[in-house]
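One structure below.
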Amino acid sequence: MLPAPADRLPGTFDQDVYVELFRRYHEAGAPGDGTIAFTLHAFLRAMGRRVDGRTYEQLRGALTRLERTVLESTGSYFVADRTIAGHYVDERLTVLTAVSIDRRRLAERDQLGLFPAAASGEPGEARVTLGPLPRANLAAGHAVVLSATRYFALPSPTARRLYRLLTAIRSGSGVPATGPSEWDVALEALAEQLPLSQRYPSHLQRVLEPAHTLLKAAGVLRTAAVRQQRREWVVHYELL
């Protein structure tokens, strides 16, 4: 993942925006041009986020950042053609190819002169075009399906990131697993994949424990156990 100059990499809020964008794309019937339209107010509500000036700016920033961020695919994205098995795309791509945000709805623009003191941060409407390669992979079935309701009900960013990862494992995404419903992963490797900034095993366990509790309650995990095997710490997951 390569950020635009002077930009930072997409963070946890941006990842939530990404999930909601593809949920809306799916619910819109996968429009052929990849474009979806929505109000920022409704989008934040669907994400379970508070709606105020700060979150409006967060959402505008996330959409702009996702448009400007480049993904570098090396053995990650499939060629979206079922007749070409096992072929991957090795190239750079963007998740979003176009983002347009109007501060006010078109129907309200003729009323601007009546309200000179109105805040400039009025939510308005957005039109977003999803990139062709992610859409092609989605259409070809090369995608992991999340429950948006379950995802946004998780109050912890760590739990949401872990839910995405475990869903990919459970779907048979090619990541080594010990069985159809179990997965062993080195604690250090798990921290890199999520990612987590903590490095000491005790600190990582302290961060993961609440996420494990939430995912058990949400019906994603049956059990999660952290064990030391020789000099390495390993997390054993039993998935539902």
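The values are calculated or read from the model by the stated rules, or taken from the named source; none is laboratory data. None of the values given here were measured: they were computed from a predicted structure. Reconstructed Cβ throughout: ideal geometry from the backbone, glycine too, with neighbour counts over all protein chains shown.
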- Message: Considering only the range 178-189, I want to know if a residue exists there that is modelled with pLDDT of 90 or more and closer than 26 Å to F22 by Cα.
- Response: no
- Query: For the range 8-28, does any single residue satisfy the condition of being modelled with pLDDT of 95 or more, surrounded by fewer than 14 Cβ atoms within 10 Å (Cβ to Cβ) and over 18 Å from the mean Cα position of the chain (by Cα)?
  - Reply: yes
- Message: Every residue in the range 5-15 that is more than 21 Å from S100 (Cβ to Cβ) and not in a loop (DSSP other than H, G, I, E, B), please.
- Response: T12, Q15
- Going by the conditions given, is D90 modelled with pLDDT under 95 and assigned to a strand (DSSP E or B)? yes
- Task: For A217, indicate whether it is under 23 Å from the mean Cα position of the chain (by Cα), modelled with pLDDT of 95 or more and loosely packed, with under 15 Cβ neighbours inside 10 Å.
- Result: yes
